[in-house]
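Before any comments, here is the structure.
Since every read-out is calculated from the coordinates, none of them should be taken as a lab result. Since we're looking at a predicted model, the values are computed, not measured. Every residue, glycine as well, gets a Cβ built from its backbone with ideal geometry; the counts of neighbours run over all protein chains shown.
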Amino acid sequence: MLMFSAKFTVVVAFLAATSFAAPALQGRHSMDPCAGLGNYTYSTASGFSLAALYTDATNANRTGVPLVLGDTADSSTSNAILATLASAPAYTWPGPEMSLVDGALYPVSSDPDVSASGSAVTAGGELRFTITQPLSDPIDGAEIYCVQSFGSPAGFQLPVLAVNGDTGSFSLCATNEDDTSQVNVVYQAAPRDSNYKYDTCLPVRLQVVY
């Protein structure tokens, strides 16, 4: 009788463990940064930079406008924003070379004491990065990015970057309307956001350049 009771306890414990494990695996699968993009996608890569290709305006070349990490509006030393190289101030942040690790975007730093990692992205917001300085532990990036390569359904000349499974909702937006304005990458630009001038926004694709 005691032997039967022990065996029953082991079986119950095993079933309980497997019943909790299954939802956890499903949760990880549902958070795939490439979900919904079809074939020809990947979430890990290295040795590339990013460029913005206009979709409704003339481009100077097939690659697009080079992108780097630029300053935030408050000139924070712990945060940066993806911006055009031409508009960013004296460039001191990690990059422009990038790596993608399991959907997290990391600008490559030449300084071993400074690192950068992509932050979560919300509708109407810029593509932001967290900067870690000396004596700070590197921060894991948000696992929200994916690269869609050649072929259906993209059909682009170069691979493109997606965030939250979306390749088609990026814009370049100026922070103000004068010639010294920094031009930042914005996801799902909104007219009521105070961090950029909505009427300056132009839609782009973010191309992955090797």
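Computed across the stretch 41-209, the Kirkwood hydrodynamic radius from all distinct Cα-Cα pairs reaches 15.9 Å.
Order the peptides 36-45, 101-110, 140-149 from the highest to the lowest mean number of other Cβ atoms within 10 Å of their residues.
Values: 36-45: 15.2, 101-110: 18.2, 140-149: 20.8.
Ranked from most to least packed, the peptides come out as 140-149, 101-110, 36-45.
Extension gain, Gln157-Asp179: 0.36 nm per intervening residue step, less the Cα-Cα distance, totals 4.8 nm.
Each of Ala73 and Leu85 was given a label point 7 Å from its Cα along the Cα-to-Cβ line. The distance between the two points is 2.8 nm.
Spin-label pair Asp140-Ala57: with each label point 7 Å from Cα along the Cα-Cβ axis, the two points sit 3.8 nm from one another.
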